[in-house]
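What follows is a single structure, written as structure tokens, with notes after it.
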Amino acid sequence: MYFVKKCSECGSQSLFINREKGEIICKDCGLVIEDKMVEFGQEWREFEDDSGEESRRRTGAPMTYTQYDQGLGTEVGQKADLFQLGSKDRNKFFRLRKWQYRISTAIERNLKLALAELKRVSSFLKLPKMVEEEAAMIYTQAVQRGLVRGRSMESVVSGALYAACRRHEVPRTLDELSEASSIEKKEIGRTYRFVTRELGITILPSNPADYIARFASSLKLAADTQSKAVEILESAQHEELTSGRGPTGIAAAALYVAALMHGEKRTQREVADVAGVTEVTIRNRYKELLDRLKLDKELKKQKKKKR
């Protein structure tokens with residue numbers, strides 16, 4: 001906002017504001033009072049959205065690690081736009097596009113392929129955007145530090161995704177990542193440990209309770225059964241039964257015990273298939289829970305009620 005009330009030359013208050021040129025001019029004597037007027041209003045620009053339509057916005061898309069250039073780079077036209085040009089101009093811009101790709105660095109070319117694979121695996125596992133963004137950042141740091149050299153791109157992508165899932169407490173197992181990426185479970189685990197160690201990423205142990213909701217939904221168990229399974233896990237953590245044991249196995253065993261207590265019988269085979277563990281693991285954890293937490297009495301009460 002400007003506070004010029006009158007012309008300094010003739011004293012006239014009849015002033016004209018030319019916003020396009022940024023000038024304030026006296027209508028009576030023609031004196032240019034201000035020639036560098038600043039526009040304090042909002043700046044609106046035309047940006048193209050995902051649907052290809054242009055929309056008026058103040059800023060473009062935010063920076064994101066899911067793109068190799070973090071969304072800040074530019075390209076020499078789209079192929080659909082180039083075909084609208086004449087043959088001479090079209091050939092010139094196609095050559096420019098080719099050279100733009102050739103002069104890109106090895107890291108950029110690696111990121112183009114790897115981030116496309118990361119988005120595919122993330123979509124297959126139905127991971128939230130924050131996990132995908134975190135995984136892309138971890139992979140980008142791994143490439144910049146030269147940690148990908150000597151390892152397959154897919155295994156590092158899977159390791160980064162698993163690390164991001166662990167950091168955001170999104171329950172996904174190595175078996176699920178192995179199925180989505182077609183990489184062996186051991187290779188993903190090995191790469192995950194190497195990347196987190198080299199990048200100094202601190203990850204807390206998985207909480208078995210995070211898997212209860214997923215397993216219960218797949219087994220179609222009631223909410224009361226889920227709550228009881230969480231209570232059993234809390235008691236198991238207090239007795240230090242969860243340390244040194246796989247989180248999926250102990251979670252599946254707790255859910256199996258809770259289902260028996262609430263009369264929702266599920267076989268060990270069904271629970272093992274959902275959790276991605278063996279029946280032997282379910283049986284071993286089941287026995288440990290019964291012995292250490294003294295759950296035999298509650299199971300016997302449930303059997304008497306059935307009779």
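Computed from the coordinates by the stated procedures, all read-outs in this text should not be read as laboratory data. Note that the coordinates shown come from a computational prediction; the quantities given were computed from them, not determined experimentally. Please note: Cβ atoms are built from the backbone with ideal geometry, for glycine as well, and neighbour counts cover all protein chains shown.
How would you order 239-249, 149-159 from highest to lowest mean count of nearby Cβ atoms within 10 Å? Can you show the working numbers first?
On the way: 239-249: 16.5, 149-159: 19.6.
Packing proxy ranking, top to bottom: 149-159, 239-249.
Would you work out if region 208-306 is rounded, prolate or oblate? Take a ≥ b ≥ c from the square roots of the eigenvalues of the alpha-carbon gyration tensor; rounded if a/c is under 1.5, else prolate when a/b is larger than b/c, oblate otherwise.
On the way: a/c = 1.41, a/b = 1.09, b/c = 1.29.
Here region 208-306 falls in the rounded category.
Rounded, prolate or oblate for region 106-199? Axes are the square roots of the Cα gyration tensor eigenvalues, ordered a ≥ b ≥ c, and the cut-off for rounded is a/c under 1.5.
Numbers: a/c = 1.39, a/b = 1.26, b/c = 1.10.
Note, shape of region 106-199 comes out rounded.
Over the chain, what is the mean sequence separation of C-alpha contacts under 8 Å (at least six apart), divided by residue count, expressed as relative contact order in percent? Let's see the in-between values first.
Numbers: 333 pairs, mean separation 26.2, N = 307.
It comes to 9 percent, rounded to a whole number.
Would you mind ranking Asp210, Asp175 by Cβ crowding within 10 Å, fewest neighbours first? Numbers along the way, then the final one.
Values: Asp210 17, Asp175 14.
Listing Asp210, Asp175 from fewest to most nearby Cβ atoms yields Asp175, Asp210.
Provide His168, His262 in ascending order of the number of other Cβ atoms located within 10 Å of each residue's Cβ, fewest first. Display every interim value, and only then the final one.
Working: His168 14, His262 17.
Lowest to highest Cβ neighbour count: His168, His262.
Between Ser227, Ser104, Ser12, find the one with the highest GNM mean-square fluctuation for the chain; connect C-alpha pairs within less than 10 Å.
Top of the fluctuation ranking is Ser12.
Tell me, rounded to the nearest percent, the portion of alpha carbon pairs in the chain spaced more than 27 Å apart. Let's see the in-between values first.
Details: 29665 of 46971 pairs.
I get 63 percent for the Cα pairs in the chain exceeding 27 Å.
With a sphere of radius 13 Å drawn around the Cβ of Asp28, what net charge do the other residues whose Cβ falls strictly inside it have (Lys, Arg +1; Asp, Glu -1)?
Working: positive: Lys6, Lys27; negative: Glu9.
Its environment carries a net charge of +1.
Count the net charge of all other residues whose Cβ sits under 13 Å from the Cβ of Ile201, scoring Lys and Arg as +1 and Asp and Glu as -1. Each step should come with its number before you reach the end.
Numbers: positive: Arg145, Arg166, Arg167, Arg193, Arg197; negative: Glu134, Glu198.
Its environment carries a net charge of +3.
What's the extension gain from Thr105 to Ser182 if we count 0.36 nm per residue and subtract their Cα-Cα distance? Each step should come with its number before you reach the end.
Details: separation 77, 0.36 × 77 = 27.72 nm, distance 2.79 nm.
The span from Thr105 to Ser182 would gain 24.9 nm if fully extended.
Could you identify which residue out of Gly276, Gly11, Gly71 has the top mean-square fluctuation in a GNM of the chain using Cα springs shorter than 10 Å?
Comparing Gly276, Gly11, Gly71 in a Gaussian network model of the chain, the most mobile one is Gly11.
Within the set Lys186/Lys294; Lys220/Lys294; Lys126/Lys186, which residue pairs have Cα atoms separated by over 28 Å? Provide the component values of the computation, followed by the final result.
Working: Lys186/Lys294 36 Å; Lys220/Lys294 26 Å; Lys126/Lys186 22 Å.
Listed pairs above 28 Å: Lys186/Lys294.
Using a/c under 1.5 as the rounded threshold, could you call region 176-230 rounded, prolate or oblate? The axes a ≥ b ≥ c are square roots of the C-alpha gyration tensor eigenvalues, and prolate needs a/b larger than b/c, oblate otherwise.
Numbers: a/c = 4.97, a/b = 1.85, b/c = 2.68.
Oblate, since a/c reaches 1.5 and b/c is not below a/b.
Explain nothing, just compute: Karplus ³J(HN,Hα) = 6.51 cos²θ - 1.76 cosθ + 1.60, θ = phi - 60°, for every residue of region 237-245 in order, whole Hz, x for Gly and Pro.
So the Karplus estimates, Gly and Pro as x, are 5, 5, 8, 6, 7, 8, 5, x, 10 Hz.
What is region 113-246's relative contact order, in percent, from Cα pairs under 8 angstrom and six or more apart in sequence?
Details: 111 pairs, mean separation 28.3, N = 134.
Relative contact order for region 113-246 comes out at 21 percent.
For Ser243 and Arg283, what is the calculated FRET efficiency with R₀ set at 25 Å and r taken between the beta-carbons, to the nearest 0.05?
Numbers: r = 20 Å, r/R0 = 0.79.
Between Ser243 and Arg283 the formula returns 0.80.
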